[in-house]
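Trainee: Next up is a structure, given as structure tokens.
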Amino acid sequence: MRDNNGFSLRDLFAVIAILTIIFFFIMPGFIFRTKDVDLSVWCSGQLNGLGKAMMIYQNDNNEKYPIVWPDGTEGEFGMGLYNVAGGADNIRWVNPDFDDWEKQPTVGGSLYLLIKYVDVTPRAFLCPEAPDDEEMNLNEIIEVAMDNGYSIGTWEDLSDFQSMVNLSYSYNDPWKNPLDSTASANMPVMADKSNAYDTPTGDRNIKAGKFPLTGDNQNVGTEKFCGGWDDTPIRGRDVPNLAHGNSRNHVTEVQNVLFGDTHVSKEATPNVGIDDDNIYTYWSDGEESTVRQKQIGRWDGGHAVTENDSYLGN
């Protein structure tokens, strides 16, 4: 039976059925995409919280950012050689009497100061989208410490992260020009960890080139560089894949970056240093042009050159 407008009850049910089918096709993608956005926002919020924790640390430590102060000896940048899960150097984090910090500062050791002295939890250093990262397990650490003849009871008894997978973020180079409260508000301080060094051993990924690539892979002096790797052409063209310059934490789509004034920004490329340099590379002091030195940088394990060299490492 039809109403005066010629629309039957059967027609109404048919429309409802069609809309229901469309709903079930659309909603899963919407739900999962919303989840992705929430995780990215969560990561951004964590970095913002860590930035505020650093300000608290500065207030109690002569306006200095958390840093295991070096004595002039330059070690390998990052925590890879000392914090690889299952590695022989785990004694570094399990031995409360480790007395070689001044010679081998690491990103992990520096950031762990926020756990020891600002009561930040280890979970706060995990990006929820980092593919391989996992939270530290204090009970397991206590057992390992006992096996090595040490007594560990709380997080405050430790001085470093257990392994690279317990820390999802890169930190400013702790050897050269360490940051203090006079740092520029635009200085990148932390970010999702470097793609080039996010490897099981902590060593530089062999796929990463000696230098990142420029926009056209040829003209270094005039094209804006992108930070791509040299083995990733797009559809056969001599153009690098922009995503390979990004952190793996968010499926290489973006990275969250914490700046000196504690604001966090989601960036599509890592080219967000003070002089538009790649935050995951250091400036070269070789024979390359000034543009290449500052904007392109190097990936081969060096150190920041000046206070404006925005070099974050794992």
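Trainee: Based only on other Cβ atoms within 10 Å, what is the fewest-to-most ordering of Trp93, Trp42, Trp299, Trp175?
Mentor: Working: Trp93 27, Trp42 13, Trp299 23, Trp175 19.
The order, fewest Cβ neighbours first, is Trp42, Trp175, Trp299, Trp93.
Trainee: When a footprinting reagent is the concern and you count Cβ atoms within 10 Å, what order do Lys176, Lys64 take, fewest first? Provide the component values of the computation, followed by the final result.
Mentor: Working: Lys176 18, Lys64 15.
In order of increasing Cβ crowding within 10 Å: Lys64, Lys176.
Trainee: With θ set to phi - 60°, apply the Karplus curve 6.51 cos²θ - 1.76 cosθ + 1.60 along the range 141-149 and write out the HN-Hα couplings as whole Hz, x wherever there is a Gly or Pro.
Mentor: Whole-Hz 3J(HN,Hα) from phi for the range 141-149: 5, 4, 5, 5, 4, 4, 5, 9, x.
Trainee: Okay, next question. So who's got an amide H within less than 5 Å of the one on Val120, skipping anything under 5 residues away but keeping other chains? H placed 1.01 Å off N, in plane.
Mentor: So Val120 has HN proximity to Ile115.
Trainee: Fully extended, how many nm does the chain gain between Asn59 and Asp203 (0.36 nm per residue separation, minus their Cα-Cα distance)?
Mentor: Details: separation 144, 0.36 × 144 = 51.84 nm, distance 3.43 nm.
My answer for the length gained is 48.4 nm.
Trainee: Tell me, what ³J(HN,Hα) does each residue in the range 252-266 have, in order and in whole Hz, if you take phi through Karplus 6.51 cos²θ - 1.76 cosθ + 1.60 with θ = phi - 60° and put x for Gly and Pro?
Mentor: Karplus-based 3J(HN,Hα) across the range 252-266 equals 6, 8, 8, 9, 7, 10, 8, 9, x, 8, 6, 7, 10, 10, 8 Hz.
Coordinate-derived values only; no laboratory data. Everything numeric in this text was worked out from a predicted model, so none of it was measured. Glycine gets a Cβ as well: all are built from the backbone with ideal geometry, and neighbour counts include every protein chain shown.
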